[in-house]
Amino acid sequence: MNETEIELRILLYLDDGFEDTGYITTIVNSLTFSHLAALICRLLKSQPEFEVTSLFLRDAIVCGYRNDACQQFRDDYLGSIIVSTLEELVFTNNHFIRSNAIYTLGKTCSYTSKNVLVEAFDRFIDTDPLLLNRLIHEMGWLGVENMENYLERMATNTSYLTRWAAVEFIYQSTERLPNWAELLRQDSCELIRLEAEYECQRILKSFQTSSLSKIQQRQRAKEIVQIEPKISFQQLSLQFTRDLYVRGQSEYSVVELEAFIDERKSPSPCLVLSHTNGRFPPGLCEPLNPSSLGRGRMVSYKEIKMHKP
């Protein structure tokens with residue numbers, strides 16, 4: 001196959017070869033690594049093709065751990081121009097591409113990118129609070145040291161949005177509540193206090209489980225349900241990114257996010273989303289938009305071509 005055919009196969013990966021080991025190995029072994037890397041970098045830098053290309057890349061690297069035919073591609077990938085391209089995209093002026101690039105660096109175990117993610121944390125801690133969840137997770141996955149220090153920086157930040165973004169990490173604590181969690185329980189912002197108390201009680205219950213009877217455990221569970229906040233930072237994040245999608249925006253300002261939250265501090269039931277691990281819940285999927293990146297259901301290449309004006 002020539003380069004044009006390989007490019008088309010990558011773009012049709014979601015349609016024709018998703019998680020198909022044979023499909024992946026055919027592509028990674030059809031060109032020299034330098035030629036294939038150059039092609040992948042070009043596609044990554046093209047917004048319409050970024051999402052499916054990054055998906056293919058992640059699956060190809062994972063395939064390399066399971067299949068000898070992809071192992072050489074995996075080995076050549078680390079430290080290659082593909083990694084440096086993803087690192088550049090971490091700082092692009094597109095929230096969704098930033099998030100996806102960070103996820104791809106983590107998923108492909110690019111351990112040499114740790115410093116880049118730390119730099120991104122310093123760059124975006126005040127300006128992109130919606131990115132911090134993904135960033136913290138991948139920093140931890142790649143082995144950035146002293147992660148508690150980064151969480152404490154979030155929890156003591158002057159922006160209430162950054163402090164609020166730290167709340168969901170309370171439940172990932174082990175053995176004891178961190179000091180920064182106690183600060184969030186006493187935060188000046190009610191939204192933060194309510195969710196922090198809820199998350200603290202959840203983790204404290206898990207610490208106490210072994211010492212409680214079944215009846216006591218059920219009672220504690222009922223008590224915690226009663227203090228669950230009507231809206232969480234994750235829920236607001238999902239609503240806001242969906243709103244960005246509908247408006248065709250790929251970037252936002254803190255002022256826009258604050259205004260959005262102010263309008264929804266007393267949400268109607270239809271505006272409150274359940275926890276969905278970053279995915280849009282059934283019945284609240286966004287309309288097809290080829291320019292969307294990293295949000296909810298992935299748009300396939302065939303759909304993009306079908307809906308191009």
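The values are calculated or read from the model by the stated rules, or taken from the named source; none is laboratory data. None of the values given here were measured: they were computed from a predicted structure. Cβ sites come from the backbone with ideal geometry, for glycine too, and all protein chains shown count toward neighbours.
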Hey, residue 72 hits all of (1) among the polar types (S, T, N, Q); (2) modelled with pLDDT of 95 or more; (3) over 25 Å from the mean Cα position of the chain (by Cα) but one; which does it fall short on?
(2)
Which number in (1) free of Cβ contacts under 8 Å to residues at least 24 places away in the same chain; (2) not in a helix (DSSP H, G or I) marks the one condition that residue 222 misses?
(2)
Residue 79 vs (1) assigned to a helix (DSSP H, G or I); (2) at pLDDT below 95: all pass except (1)
Check the range 60-82 and report whether any residue there is surrounded by fewer than 22 Cβ atoms within 10 Å (Cβ to Cβ), closer than 28 Å to residue 248 by Cα and in contact (Cβ under 8 Å) with a residue 40 or more places away in the chain.
no
Which of the residues that make up the range 21-80 are in contact with a helix residue (DSSP H, G or I) (Cβ under 6 Å, 6 or more places away or on another chain), over 21 Å from residue 109 (Cβ atoms) and polar (S, T, N, Q)?
30
All positions within the range 79-126 that are among the β-branched types (Val, Ile, Thr), in contact with a Gly (Cβ under 8 Å, 6 or more places away or on another chain) and closer than 22 Å to residue 145 by Cα
112
Which one of 92, 85 is assigned to a loop (DSSP other than H, G, I, E, B), in contact with a helix residue (DSSP H, G or I) (Cβ under 9 Å, 6 or more places away or on another chain), at pLDDT 95 or above and of a type in the set (Ser, Thr, Tyr)?
92
Do the conditions hold for residue 86, that is, is it over 20 Å from residue 5 (Cα atoms) and aliphatic (A, V, I, L, M)?
yes
Starting from the range 238-265, keep only residues that are crowded, with 17+ Cβ neighbours inside 10 Å, then list their pairs with residues that are assigned to a loop (DSSP other than H, G, I, E, B) and among the aliphatic types (A, V, I, L, M) whose Cβ atoms are within a distance under 6 Å, requiring at least 6 positions of separation or different chains.
238/273
Any chance the range 212-230 includes a residue that's touching a helix residue (DSSP H, G or I) at 6+ places or on another chain (Cβ under 6 Å) and closer than 27 Å to residue 125 by Cβ?
yes
Residues in the range 133-183 that are of a type in the set (Gly, Ala, Ser), without any contact (Cβ under 8 Å) to a residue 60 or more places away in the chain and under 19 Å from residue 118 (Cβ atoms): how many?
4
Considering only residues of the range 18-49 that are modelled with pLDDT under 95 and under 30 Å from residue 248 (Cβ atoms), which is surrounded by the fewest Cβ atoms within 10 Å (Cβ to Cβ)?
46
